[in-house]
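The values are calculated or read from the model by the stated rules, or taken from the named source; none is laboratory data. Keep in mind that what you see is a predicted model, and the values were worked out from it rather than measured. Methodologically, a virtual Cβ is constructed for each residue, glycine included, from the backbone with ideal geometry; neighbour enumeration extends over all protein chains shown.
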Amino acid sequence: MNAAPAPVLVGLDLSATSELAVDWGAAEAVLRGCALELVHVAPPTPLPAVVVTDADHPAAYGDIPPPTLPHARCEAVGTRVRHAHPSLDVVVRVVPGSDPARTLVEESRHACVAALGARGLGALRGMVLGSVSKAVTEHAHAPVVVVRHAASTTIPDQRVVVGVDGSEVSAPALRFAFEEARRRRVGITAVHTWQPDIRTPSAEWWPEDPIRGEMDERAVASESLAGFREEFPDVDVRVHVAQRDAIAELVKLSSGAGLLVVGSRGRGPVASAVLGSVSAAVLRKAHCPVAVVHPDGTAPTGDSAGTATRAGSA
Ligand SMILES: Nc1ncnc2c1ncn2[C@@H]1O[C@H](COP(=O)(O)OP(=O)(O)OP(=O)(O)O)[C@@H](O)[C@H]1O
Ligand SMILES: [Mg+2]
């Protein structure tokens with residue numbers, strides 16, 4: 001008997017943005033034919049459950065509103081999703097924990113993909129990317145999709161845009177992008193940017209000749225894509241090579257895309273950073289959901305997991 005496919009995991013903090021992640025995750029789970037798991041991490045309640053349902057005795061709290069019931073609120077979100085997708089298996093879990101990021105990283109071990117809102121309940125603090133999203137993106141054991149805006153209903157062909165830097169570590173990101181494109185029956189736009197002074201190492205060096213430079217870089221992109229084109233002949237591929245800053249180009253193209261996929265790391269020199277500079281920047285600036293894929297499909301463990309603890313807050 002085949003094991004059930006791994007579920008799509010969504011971190012739900014009951015903010016409006018995390019509900020956008022719920023919508024993304026539900027659509028993804030339908031496409032994948034797997035379950036949707038909505039996980040809310042909440043500190044163990046300081047009050048006995050019998051007091052929490054205290055609508056009859058509001059005076060017990062003075063002016064402080066009675067604590068809300070996370071279970072009931074999460075279940076209401078689950079009910080909304082079941083209503084929208086009657087055939088979808090939706091599991092709602094409230095997991096006790098004081099560090100949402102660490103808990104969600106652990107939960108990601110058994111997920112095929114984890115979806116989070118770009119912001120959460122702390123959105124008024126003005127950061128562009130919340131601390132839980134940042135830490136989970138860095139340390140999750142599955143690809144992470146960060147959702148910032150409601151899905152567009154006006155863009156007809158929401159291609160999957162994927163950044164290709166010619167490095168081996170971008171192969172899992174390319175695979176994820178091709179699989180997503182096939183599931184959604186859309187094409188892929190593979191984006192490779194270059195600058196005369198930061199050439200791809202495998203490209204030949206033609207400093208005075210931008211046309212040769214572009215041809216070299218196009219060859220780098222084509223080489224990265226060759227195996228995938230064979231494996232996914234049904235996916236239309238456009239190669240977009242530009243002599244431009246990678247972040248600016250990916251952000252620009254994300255405005256017409258359904259999903260932007262990047263590897264967690266590229267060819268950059270700061271090997272100790274968990275996320276490369278392009279990945280970190282597009283998470284903050286892209287106009288569509290961003291998927292971050294780690295080189296082996298998982299994220300670093302050990303010391304780095306401690307970062308999730310330090311970074312995590314609700
Ligand atoms: N307690 C939680 N349980 C489950 N998911 C969570 C929890 N907290 C955050 N998330 C997930 O992470 C996303 C981003 O929230 P995050 O906490 O990072 O942003 P924030 O609240 O705006 O910022 P911060 O908490 O750093 O001030 C949410 O949309 C949600 O998907
Ligand atoms: Mg938060």
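Among ALA150, ALA111, ALA84, which is the only one that is among the small types (Gly, Ala, Ser), under 27 Å from ALA257 (Cβ atoms) and buried (at least 18 other Cβ atoms within 10 Å of the Cβ)?
Going through ALA150, ALA111, ALA84 in turn, just one is among the small types (Gly, Ala, Ser), under 27 Å from ALA257 (Cβ atoms) and buried (at least 18 other Cβ atoms within 10 Å of the Cβ): ALA111.
Looking at (1) over 16 Å from ASP165 (Cβ atoms); (2) at pLDDT below 95, which is the only condition LYS252 fails?
So LYS252 meets the others, but not (2).
Please list, ordered by first then second residue, the pairs with beta carbon atoms under 8 Å, 6 or more apart or interchain, first in the stretch 95-108 and in the same structural domain as ALA42 (by TED's automatic domain parsing) and in contact (Cβ under 8 Å) with a residue 12 or more places away in the chain, second near ligand 1 (Cβ under 8 Å from one of its atoms) and acidic (Asp, Glu).
Final answer for the pair search is PRO100/ASP13.
Please verify whether LEU124 is under 16 Å from the mean Cα position of the chain (by Cα), near ligand 1 (Cβ under 9 Å from one of its atoms) and under 23 Å from ALA280 (Cβ atoms), treating the condition exactly as stated.
When the stated conditions are applied, LEU124 does not pass them.
Of the conditions (1) within 16 Å of ligand 2 (Cβ to nearest atom); (2) touching a strand residue (DSSP E or B) at 6+ places or on another chain (Cβ under 7 Å), VAL90 satisfies every one except a single condition; which number is it?
Every listed condition holds for VAL90 apart from (1).
So, of the residues in the stretch 104-127 that are part of a helix (DSSP H, G or I) and either charged (D, E, K, R) or more than 13 Å from ligand 2 (Cβ to nearest atom) (or both), which turns out to be modelled with the lowest pLDDT?
Among residues in the stretch 104-127 that are part of a helix (DSSP H, G or I) and either charged (D, E, K, R) or more than 13 Å from ligand 2 (Cβ to nearest atom) (or both), the one modelled with the lowest pLDDT is ARG125.
Given the conditions (1) within 23 Å of LEU253 (Cβ to Cβ); (2) of a type outside the set (S, T, N, Q); (3) within 13 Å of ligand 2 (Cβ to nearest atom), which single one is not true for GLY130?
Status for GLY130: all satisfied but (1).
With without any contact (Cβ under 8 Å) to a residue 12 or more places away in the chain, away from ligand 2 (no atom under 16 Å from the Cβ), touching a strand residue (DSSP E or B) at 6+ places or on another chain (Cβ under 7 Å) and not aromatic (Phe, Trp, Tyr) as the only criterion, which of ARG82, ARG159 stands out?
Just one listed residue meets the conditions, ARG82.
Kindly establish whether GLU138 is among the acidic types (Asp, Glu), under 25 Å from VAL261 (Cβ atoms) and within 16 Å of ligand 2 (Cβ to nearest atom).
Spelling it out, GLU138 is indeed among the acidic types (Asp, Glu), under 25 Å from VAL261 (Cβ atoms) and within 16 Å of ligand 2 (Cβ to nearest atom).
Within the stretch 127-147, which residues are over 20 Å from LEU36 (Cβ atoms), buried (at least 24 other Cβ atoms within 10 Å of the Cβ) and near ligand 1 (Cβ under 9 Å from one of its atoms)?
Result: GLY130, LYS134, ALA135.
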